[in-house]
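The values are calculated or read from the model by the stated rules, or taken from the named source; none is laboratory data. Since this is a predicted model, take the numbers as computed values, not measurements. Glycine gets a Cβ as well: all are built from the backbone with ideal geometry, and neighbour counts include every protein chain shown.
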Amino acid sequence: MKHVVVLTGAGMSAESGIATFRDSGGLWEQYKIEDVATPEGFARNPQLVLDFYNQRRKDAFVARPNEGHIGLAQMEAEYKMSIITQNVDDLHERAGSSRVLHLHGELAKVRSTANPGLIYELTPDKAEIHLGDKAEDGSQLRPHIVWFGEAVPMIEEAMNIVQTADILVVIGTSLNVYPAAGLLQYAPTRTPVYLIDPNEVRTSQSYVHFIRKGASEGVRELRRLLRNAL
Ligand code: OAD
């Protein structure tokens, strides 16, 4: 079975109603990254940061996987599939994908500010955390999210996965944020890359087939192309 490695970003979940970051109307037009997605922002105004992620979490809980997520999950019947996502929603898992690595953390999880290993899962009926909500070690709970300026603990595992790709697929990411964007470079030489995005995305990668479509239509097209190519 060919190993298809898929790197996804916010555009993957756009058709599920989850806002992207850098498109016009995206989240980073409404919020400053340094206020809501950095350790310094959390130290300055923790309630603002908790509220920001409480809202993101509630949006994610009501969202449903779109045809793109579902199409990728169905591809497990034909390929070995590995999904590496920058997204913090769980729509790939809910669509049925079995191998999903979250590079930037998970909205449904929160953790102790003192002990990164003390992680708890929230549910739709208890989707918020507030100042004063504590882990068992007595420290404040925080979102289980990788903020700007923090280490990306899953990056090495992601590199190892990309190194074993027969086919690399990139969906709905502006490739602006490192180290995630640098993952493409770990694919073996001449690995075909399929890049699905309705807008232009700049990459220095060779052998790129651009599919200028949204995620749902793009995944359908990808499956057609792969069937014909292999
Ligand atoms: P961006 O918002 O930077 O990019 C979203 C991409 O999705 C753009 O290239 C859009 O053209 C594309 N897009 C929009 N609608 C689409 C659709 N229907 N189908 C497919 N693609 C579509 O989001 P990311 O690249 O994911 O990190 O951002 C990377 C990281 O920056 C995020 O994980 C987040 C953010 O700050 C943290 O918060 C740590």
So which residues in the range 208-230 are surrounded by fewer than 20 Cβ atoms within 10 Å (Cβ to Cβ), within 20 Å of His69 (Cα to Cα) and in contact with a Lys or Arg (Cβ under 9 Å, 6 or more places away or on another chain)? Lys213, Arg220, Glu221, Leu226
Given (1) surrounded by fewer than 19 Cβ atoms within 10 Å (Cβ to Cβ); (2) more than 30 Å from Pro46 (Cβ to Cβ), identify the lone condition not met by Lys134. (2)
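Sort out which residues of the range 119-152 are within 15 Å of the ligand (Cβ to nearest atom) and in contact (Cβ under 8 Å) with a residue 12 or more places away in the chain, and write them in order of number. If you could, list the steps in order and put the result at the bottom.
Going through the range 119-152, the residues within 15 Å of the ligand (Cβ to nearest atom) turn out to be 142-152.
Within the range 119-152, Arg142, Pro143, His144, Ile145, Val146, Trp147, Phe148, Gly149, Glu150, Val152 qualify.
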Any chance the range 195-206 includes a residue that's more than 10 Å from the ligand (Cβ to nearest atom), in contact with a strand residue (DSSP E or B) (Cβ under 8 Å, 6 or more places away or on another chain) and not in a loop (DSSP other than H, G, I, E, B)? no
Where residues in the range 183-207 are touching a helix residue (DSSP H, G or I) at 6+ places or on another chain (Cβ under 9 Å), surrounded by fewer than 17 Cβ atoms within 10 Å (Cβ to Cβ) and not hydroxyl-bearing (Ser, Thr, Tyr), which of them is modelled with the lowest pLDDT? Gln205
